[in-house]
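Take a look at the structure set out below.
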Amino acid sequence: MSARIKRADDSGADEWLFAGIGEEIYSKGYSIQHNAVPVDLCESLFMHLQQMDDEQFVNAGIGRQRDYSVNGFVRRDEICWINGNSDCGAAWLDWCQQLQAYLNRKLFLGLFSFESHFAHYAPGAFYKTHYDSFRGESNRRLSLVLYLNPGWLPDDGGELLIYLDEDRNSVRVTPGFGTLVTFLSEQFPHEVLPAKRDRYSIAGWYRVNSSTEDKVDPAS
Ligand code: OGA
Ligand code: MN
C-alpha cells in the first residue's frame, strides 16, 4: 500500500475531533463518533483487512499472559494484533497516539501505552457481557473500537451494547463503517450481539503504567 495516508498532525482538524471525544468521555465516560477517524485511514485499514489471509487471524482469548485462555462460550471472534509493519497499521497507531496525547493533555488520564487488534466475527459470533478491565486488576484504562463494515443494515445485528447502570439500561451501537466508540474500561460492562454477516472491527486499549520495581507492566 503506497498511497499516502493523512497523518493526524497534518492539520488542526483532528484536534477538533479529539475535543468531541474528550468532552463526551469527561461528561459520560463514553463517546460514540461517526466521523472522528480520517476516512482515508478507515479505507486503507478496510482494504488491508480484505487482503489478509484467514491464517493471520487466531481465536481470541480471555485474560492476560499466564491467565490467558480461549473460551468459545464467552467469545467467538478471531483476532490479529496490529504491530505497525504495514503503512495503514503504522498510520492507525500514529493516529491513536495523537488521540492519547490529546486526552492526556486535556483529561490527565495518564495513558501510557496502546495495544490493538483487528477482529473478525463470523456470522453467529458474539462476545458475551464482560469488562475490559476489572478495577485494580488490569491497567487497561480506556477502550476503543473502530468499525469497518460498509453498508451495515439494522437487520444485520452485531450491535455493541454498553450497559450504563444496574437496571441494564444500555446504549446500542451499530457497527457501521467509520464509527468509533471509546469508553472507560473499568466502568462499563458491554457485549457484542451475534451478527448475520461477517463483522469487522479494530479493538484497542490504552493502558496506564503499573510497573513496579520487579515487574515491567505493560511488558511491551
Ligand atoms: C472487545 C469488545 C466490542 C465490539 O473486543 O473487548 O468488547 O463491538 N469489542 O467489537
Ligand atoms: Mn470488550
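Every read-out reported here was derived from the displayed coordinates using simple, explicitly stated rules and does not represent laboratory data. No experiment lies behind these values; they were computed from the predicted model shown. Ideal geometry is used to build each Cβ from the backbone, glycine not excepted, and the neighbour counts take in all protein chains shown.
Brief remarks on what is shown
- Within the stretch 20-53, considering residues that are within 17 Å of ASP94 (Cβ to Cβ) and touching a residue at least 60 places away in the same chain (Cβ under 8 Å), the one farthest from the chain's Cα centre (by Cα): VAL39
- For the stretch 75-91, a residue qualifies if it is under 12 Å from GLU115 (Cβ atoms), in contact with a helix residue (DSSP H, G or I) (Cβ under 7 Å, 6 or more places away or on another chain) and in contact (Cβ under 8 Å) with a residue 12 or more places away in the chain, and exactly one does: ILE82.
- Counting the residues of the stretch 113-157 that are surrounded by fewer than 14 Cβ atoms within 10 Å (Cβ to Cβ) and among the hydroxyl-bearing types (Ser, Thr, Tyr) gives 1.
- Residue in the stretch 95-143 that is nearest to ARG168 (Cα to Cα), counting only those that are aliphatic (A, V, I, L, M) and away from ligand 1 (no atom under 11 Å from the Cβ): LEU142
- SER133 being within 16 Å of the chain's Cα centre (by Cα), in a loop (DSSP other than H, G, I, E, B) and either away from ligand 2 (no atom under 16 Å from the Cβ) or of a type in the set (S, T, N, Q) (or both): yes
- Long-range neighbours under 6 Å by Cβ, at least six apart or interchain, first residue closer than 12 Å to GLY176 by Cα within the stretch 189-203, second part of a strand (DSSP E or B) and within 9 Å of ligand 1 (Cβ to nearest atom): ARG199/TYR121; SER201/ALA119; SER201/VAL145; SER201/TYR147
- Some residue of the stretch 101-110 being in contact (Cβ under 8 Å) with a residue 40 or more places away in the chain, touching a Ser or Thr at 6+ places or on another chain (Cβ under 9 Å), charged (D, E, K, R) and away from ligand 2 (no atom under 16 Å from the Cβ): no
- Qualifying residue in the stretch 53-69 (condition: under 28 Å from SER210 (Cβ atoms) and of a type in the set (Phe, Trp, Tyr)): yes
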